1. Given H placed on each backbone N at 1.01 Å, which residues far from residue 103 in sequence or on other chains put an amide H within less than 5 Å of it?
2. Can you run phi through the Karplus equation (6.51, -1.76, 1.60; θ = phi - 60°) for segment 94-110 and list ³J(HN,Hα) in whole Hz, with x for Gly and Pro?
3. What is the packing order of peptides 129-142, 197-210, taking the mean over residues of other C-beta atoms within 10 Å and listing the highest first?
4. Net charge within 13 Å of residue 30 by Cβ-Cβ distance, Lys/Arg positive one each and Asp/Glu negative one each, not counting residue 30 itself?
5. Give a residue-ordered list of calculated ³J(HN,Hα) values for segment 65-76 (Karplus: 6.51 cos²θ - 1.76 cosθ + 1.60, θ = phi - 60°; whole Hz; x for Gly, Pro).
6. Provide the per-residue ³J(HN,Hα) series for segment 173-179, in order, calculated from phi with Karplus coefficients 6.51, -1.76, 1.60 and θ = phi - 60°, each as a whole number of Hz, with x at glycine and proline positions.
7. When Lys and Arg each count +1 and Asp and Glu each count -1, what net charge do the other residues less than 10 Å away from residue 170, Cβ to Cβ, add up to?
8. Report, in debye and to the nearest 20, how large the dipole of the chain comes out about its Cα centre when Lys and Arg carry +1 and Asp and Glu carry -1 on their Cβ.
Amino acid sequence: MTADPRYPVGGEIDASIPHSARIWNYWLGGKDNFPVDQEAGDQYAETFPGIFDMARASREFIGRVVTHLAVEQGVRQFLDIGTGLPTENNTHQVAQRAAPESRIVYVDNDPLVLAHARALLTSKPEGATYYIDADLTRPEDILDQAGKLLDFSQPIALMLMGILGHVTDYDRVVSIVEELLRPLPAGSYLAIYDGTATDPDLLKAQEGYDETGAVPYRLRDPEQVRALFNGLELVEPGVVPVRRWRPDPSPLKPVDVNMCGGVGRKT
């Protein structure tokens, strides 16, 4: 990762309150988490064991989306907001595997994520990766900083993967997505996945998680996720359960999880 001195990063790691990025890392089998995250993750899984499968499905979806955009659509710039802790097949690794010259800007506001990003998210020499310390609810700050790192005259893939639920007001979610898309040129893409309010046990588990003191996460109706692509040209097969979105060849039928996603092109 290229550390940019123009963007100082502050904040301290709080190991006393569970954090979604660290809990997600725990569900994925990672080690970058604390006991408080493991406890919150286990409590969630007691009510909804399918969360482990959801975590894996989300990472697989990201890989397929980035591969499609880099290989089939020729996208060379990615703005990945809500990066989370590095795992396998991060955005820059997938994109630069197809096109080493790809430029990726990661955005998050958690100091632990930043520390690991600087250490692990290293770019191929032909391309670049950067990290912006910024908040999703301040899209103007994200765009201001990203505009110094990406070429806004060329297509950009805006990725909002499993992050929009942290904004509990849906109207605000819509406005954030619109603000982030507005300055992107034609030929840019929006990619989203989010958890869906389609299983009573998942809703109950999420309610218990929200009561731990962590930042709440609002599960959406699938139609609300689809509506975020209004005005865009949807890439087939549209906004669907993530395992149905351009699945890798397999003799087995994809097993759905309570998560939908899609990709749309700005025209």
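We did not get these values from a lab; they are worked out from the coordinates using the rules stated. Source: prediction; values computed, not measured. Cβ sites come from the backbone with ideal geometry, for glycine too, and all protein chains shown count toward neighbours.
1. Counting only residues 5 or more places away or on other chains, the set is 77, 78, 128.
2. Ordered by residue, 3J(HN,Hα) equals 5, 5, 6, 5, 7, 9, x, 7, 4, 10, 10, 10, 9, 10, 7, 9, 10 Hz.
3. 129-142, 197-210
4. +1
5. Listing the rounded values in order: 5, 5, 4, 4, 5, 6, 7, 8, 10, x, 6, 10 Hz.
6. 4, 4, 5, 5, 4, 5, 5
7. 0
8. The calculation lands at about 1000 debye.
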